[in-house]
Number of protein chains: 2
Amino acid sequence: MSLQDALRDRAQQLRSELFDFLRIPSVSARSEHAGDVRRACDWVVEHLAASGLEARSVETAGHPVALGSWHGAGPERPTLLIYGHYDVQPAEPLGLWTSPPFEPEIRDGRIWARGAADDKGQLFLHLAALQLLMETRGRLPVNVVVLAEGEEEVGSENLLPFLERHREELSSDIIVISDSAMFAPGVPSLLLSLRGMAYTEIRVRGARSDLHSGAYGGAIPNPATELARILATLHDPEGRIAIDGFHDGIVEWDEEIIRGFDDLPFSEDTFRQSVGAPRLAGEAGRSTLERLWTRPTCEVNGLLSGYTGEGAKTVLPAEAMAKVSFRLVPDQEPARIVELLRAHVARVASPAVQVEVLDIHGGRPWRATPGGPGFEAAREALAGTFGREPVVTGEGGSIPIVPEFERVLGARAVLLGFALPGANMHAPDEWFPDAHIEKGIETLVRFYDAVGSPG
Amino acid sequence: MSLQDALRDRAQQLRSELFDFLRIPSVSARSEHAGDVRRACDWVVEHLAASGLEARSVETAGHPVALGSWHGAGPERPTLLIYGHYDVQPAEPLGLWTSPPFEPEIRDGRIWARGAADDKGQLFLHLAALQLLMETRGRLPVNVVVLAEGEEEVGSENLLPFLERHREELSSDIIVISDSAMFAPGVPSLLLSLRGMAYTEIRVRGARSDLHSGAYGGAIPNPATELARILATLHDPEGRIAIDGFHDGIVEWDEEIIRGFDDLPFSEDTFRQSVGAPRLAGEAGRSTLERLWTRPTCEVNGLLSGYTGEGAKTVLPAEAMAKVSFRLVPDQEPARIVELLRAHVARVASPAVQVEVLDIHGGRPWRATPGGPGFEAAREALAGTFGREPVVTGEGGSIPIVPEFERVLGARAVLLGFALPGANMHAPDEWFPDAHIEKGIETLVRFYDAVGSPG
């Protein structure tokens, strides 16, 4: 039986299994979901064990890690480390979902659910590919370690210590991660880069408590106004980040790769329409793909101060908060970026308020080197499944653990993603293309074969 | 029996009645409290009726008005209109109250509850003074109309039509309002001015829905950043409001009155410490009392955008909102101020976002003319009760209906308030001085007598 036939036979079963996984609201950022996060971990462990891998869940200081392994390919074959995450972003605001986030359903050729793309749906492709191979061949073409964590959406704080502690057990030659998107429908893609992250919270305090804006307004500092003034200094009029030293140490991209972006099937206007923004924005003198893939950003992710409910409340707030995060490019260091922000804020903030910059979490940026064995195996697998050569792209998002994996395990990573643009990974109505269940599994089987083939 | 003896006799009863009134959570801004607002209105009507006034509640397009009257003093005596409001500000954030906002209690010589000062507690002083006079003398020294509304904290939208519709029934010579504070403990005060109000909401929209800050960040407009940039333009570096035309038509104060502020028992440092702010702030070249009483303000009352919960969410928000209100001084017109703000925002906002400025509510500023009969009666009543001449002060807050009362009824208003500075009128831990129950009632009885005495 061909791979495609086997996939056709189990189409229903695959979706039923995936839906069970997606129904678990494994929101790692919310303490009230800790039990659900653990259930999702157990679900992964049971799936691996059912496929015939050795599997267990391992405690960390936070959410547990699901760990599986199979070394039956023998020492002469390489070992592939498959990394994914079973935790998901918060689903709020719930009212904006067309169907409930944790009740997956298929509409218009898409699977709709929180985690369908990021990353439960894509982690599941590996679990299903391994199961299929074990069931049909009784073995895998490579030695495999599977590591699924439950804290990717909150900064993977406990994963690095975990990698260091289990370095031997995780020893591998190639790392593969499916947590990204193809460039366009029908256009298989190889990811060359990930941006890093420095996530902060700026807190401004004025008076001890909220005050009447009439009785005190005009004579007492307003932390909301002061916060706005601080945020307004973070970019210059050209859209370039205006923090002293911020751009130091950035390694420019290969000019040829940047020029290659122009050949990609990409329309700025279609992109703009897809998100419904009046105009595009960003750093002057750069194309949209350059802005997204090759340039750092500074975004306000949240604002809160004073009264935000129905009607009017004439309050002079005591405090104001902004969540401000930076996407970073090689070789910006997250901790140094936070220090630069602190220095900037200290310089521009009014002395009439108290300002604090909290370092919430960070992750280093990453860039691949095309041509290595994992990279070429991925190229071959994608070409085989999709019938065309993959394009080389960048990615604006972050998988902070990727550069750490490489550093700790001494292996290179390959990013092989099957979501599509506009998947709403961190927004309401997240989705994954239904047809990519089969395409993804087929690609992964080809990839495992290519990595395992002596050559 | 002297007035003081009568008050001593009923000390318990007065507090028990007031506490019943304060326990009703009559939050006019919240639709879920509509029933409580109505209960508070009924409570006022019943109290007036029990004192022997004609009383009823009158429906409006919003919350009802409690109306009472007694015209037994005869046509040769003046008619006094007593205005107050039985609605209160929202109590949130609830966690910052030492005792629950709607469970009044006495601690440290203060009555703690939402509405204790603004304005249920002070409205109650009039109700109690009327009751005491009717019980002890069987009559009042003046003809009286009592009007208590339930929409003061949401802009008194339906009161002006009400005044116009009931103009005959409300016909009066002097209007008295107790909804303000004395300048300091033991320092009786006559209020010369109120600031007006223009309350707006600025809404900024970027993309159609929240987006992943990695996948889209750097290429899509960020409404939170754009909102911050708009807010940062509202003042110049000297703390002066930087909206074109904003200061046009402001009538400067009498220099002598401004100089008189310097004689008031006021310490900027004590004021600063009382609110716990690192420094004072405001328009350069003006004293704190000038800033509070004589100058307009622009304050951010609330900010909301994106993710504001626990942990980190890497979201690029679709929208951002600021509640922005202006305190106005004669003769700034609220509607014109909103138009100027709209023009300003249209000029400074990025074309990459959609910006809307909503006019939430407004009220005109007010200034008294010392020397009229109501003003002098108040001076005499305060001096008699407190044993010293009242000082003349301004007030930073707004009672938007005051100038409208004067205009529609053709009478002058007197503001006779008994709260104290720092009463937390729009903040957690609102309070009213316990001893001012008796002092307030005594002053009001003296005031009614003075207004009613043929002179």
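The values are calculated or read from the model by the stated rules, or taken from the named source; none is laboratory data. Just so you know, these numbers come straight off a predicted model, no measurement behind them. Heads up, the Cβs are rebuilt from the backbone with ideal geometry, glycines too, and the neighbour counts pull from every protein chain shown. In case anyone asks, the SASA skips ligands and DNA or RNA and just uses the protein heavy atoms, side chains included. Shrake-Rupley method; radii C 1.70, N 1.55, O 1.52, S 1.80 Å.
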So, in nm and shortest first, the distances from B:THR98 to its counterparts in the other copies, with label points 7 Å along Cα→Cβ, work out as 5.5
Inter-part distance where region B:158-181 and region B:1-69 are each reduced to a Cα centre, Å: 17
For chain A, what's the relative contact order in percent, using C-alpha pairs closer than 8 Å and at least 6 residues apart? 25
Note the distances from A:SER16 to each other copy's matching label point, with points 7 Å along the Cα-to-beta-carbon direction, in nm, sorted shortest first. 7.1
What fraction of the DSSP beta bridges in the protein assembly as shown is antiparallel, stated in percent and rounded to the nearest 5? 70
Summed for both chains, how many Å² of accessible area, to the nearest 100, are buried between B and A with a 1.4 Å probe? 7200
For peptide B:322-332, compute the average count of partner chain beta-carbon atoms within 10 Å of each residue's beta-carbon. 3
Grab the beta carbon distance between B:ASP254 and B:ASP331, set R0 = 25 Å, and tell me the FRET efficiency rounded to 0.05. 0.95
What does the net charge come to around A:ASP108 if you take all other residues with beta carbon closer than 13 Å to its beta carbon, with K and R at +1 and D and E at -1? -1
Could you order peptides A:65-75, B:261-271 by the average number of other Cβ atoms within 10 Å of their residues, highest first? A:65-75, B:261-271
Could you tell me what a quarter of the Cα convex hull surface of the protein assembly as shown works out to, in nm² with one decimal place? 39.9
Kindly rank A:200-211, B:6-17 from highest to lowest mean number of other beta carbons found within 10 Å of each residue. A:200-211, B:6-17
Take peptide A:227-235, look around each residue's Cβ out to 10 angstrom, count Cβ atoms belonging to other protein chains, and average those counts. 6
Please determine, in degrees from 0 to 90 and to the nearest 10, the orientation of helix A:436-452 with respect to the longest principal axis defined by the Cα atoms of chain A, where the helix direction is its Cα long axis. 70
Over the protein assembly as shown, the sum of -39500 (n - 2.57) across DSSP H runs of at least four, divided by residue number and rounded to 500 deg cm²/dmol, gives at 222 nm -10000 deg cm²/dmol
How far, in degrees from 0 to 90, does helix B:223-232 lean away from the longest principal axis of the Cα atoms of chain B, to the nearest 10? 60
Given +1 on the Cβ of Lys and Arg, -1 on the Cβ of Asp and Glu, and no further charges, what dipole in debye does chain B carry about its Cα centre, rounded to the nearest 20? 500
For chain A, rounded, prolate or oblate, judged on the Cα gyration tensor with a ≥ b ≥ c (square roots of eigenvalues), a/c < 1.5 rounded, else prolate if a/b > b/c? prolate
Please list, in order, the residues from region A:99-121 whose amide nitrogen is less than 20 Å from a point placed 7 Å along the Cα→Cβ vector of A:ASP20. A:102-106, A:111-117, A:119-121
Which of A:GLY394, A:TRP70, A:SER209, positive extreme of dipole for chain A (C-beta unit charges): A:SER209
Per residue solvent-accessible surface (Å²) - region A:287-414, probe of 1.4 Å: 32
Angle, helix A:11-22 long axis vs. longest principal axis of chain A, Cα atoms, 0 to 90°, nearest 10? 30
List, largest first, the extents of the alpha carbons of region B:70-145 along their principal axes, each in whole Å. 53, 23, 14
Most positive-pole-ward Cα, A:GLY155, A:PHE246, B:SER26, against dipole of the protein assembly as shown from beta carbon charges: A:PHE246
Treating only Lys and Arg (+1) and Asp and Glu (-1) as charged, each at its beta carbon, one finds that region B:1-145 has a dipole about its Cα centre, in Debye to the nearest 20, of 240
Taking the Cα centre as origin and putting +1 on Lys and Arg beta-carbons and -1 on Asp and Glu beta-carbons, what dipole magnitude results for the protein assembly as shown, to the nearest 20 debye? 100
Hey, for a label at A:HIS71 modelled as a point 7 Å past Cα toward Cβ, could you say which residues of region A:153-178 have their backbone N under 12 Å away? A:168-172
What is the percent carbon and sulfur in the accessible area of the protein assembly as shown, measuring with a 1.4 Å probe over the protein chains and ignoring ligands? 48
Considering the dipole of region B:314-391 built from charges on the beta carbon (Lys and Arg +1, Asp and Glu -1) around the Cα centre, which of B:PRO373, B:SER350, B:ALA318 is farthest to its positive end? B:SER350
Answer check: region B:202-298, Cα atoms, Kirkwood Rh, Rg/Rh ratio of 1.16
Explain nothing, just compute: Karplus ³J(HN,Hα) = 6.51 cos²θ - 1.76 cosθ + 1.60, θ = phi - 60°, for every residue of region B:340-350 in order, whole Hz, x for Gly and Pro. 5, 4, 4, 5, 4, 4, 4, 6, 8, 6, 5
Fraction of antiparallel bridges per DSSP, chain B only, in percent to nearest 5: 70
Using alpha-carbon positions, the gyration tensor of region B:70-224 gives root eigenvalues a ≥ b ≥ c; with a/c under 1.5 called rounded, otherwise prolate if a/b exceeds b/c, else oblate, the class is prolate
By the gyration tensor of its Cα atoms, with a ≥ b ≥ c the square roots of the eigenvalues, what is the shape of region A:294-343: rounded for a/c under 1.5, prolate for a/b over b/c, or oblate? prolate
Taking a label point 7 Å from Cα toward Cβ, how far is B:GLU339 from its twins in the other copies, in nm, shortest first? 5.5
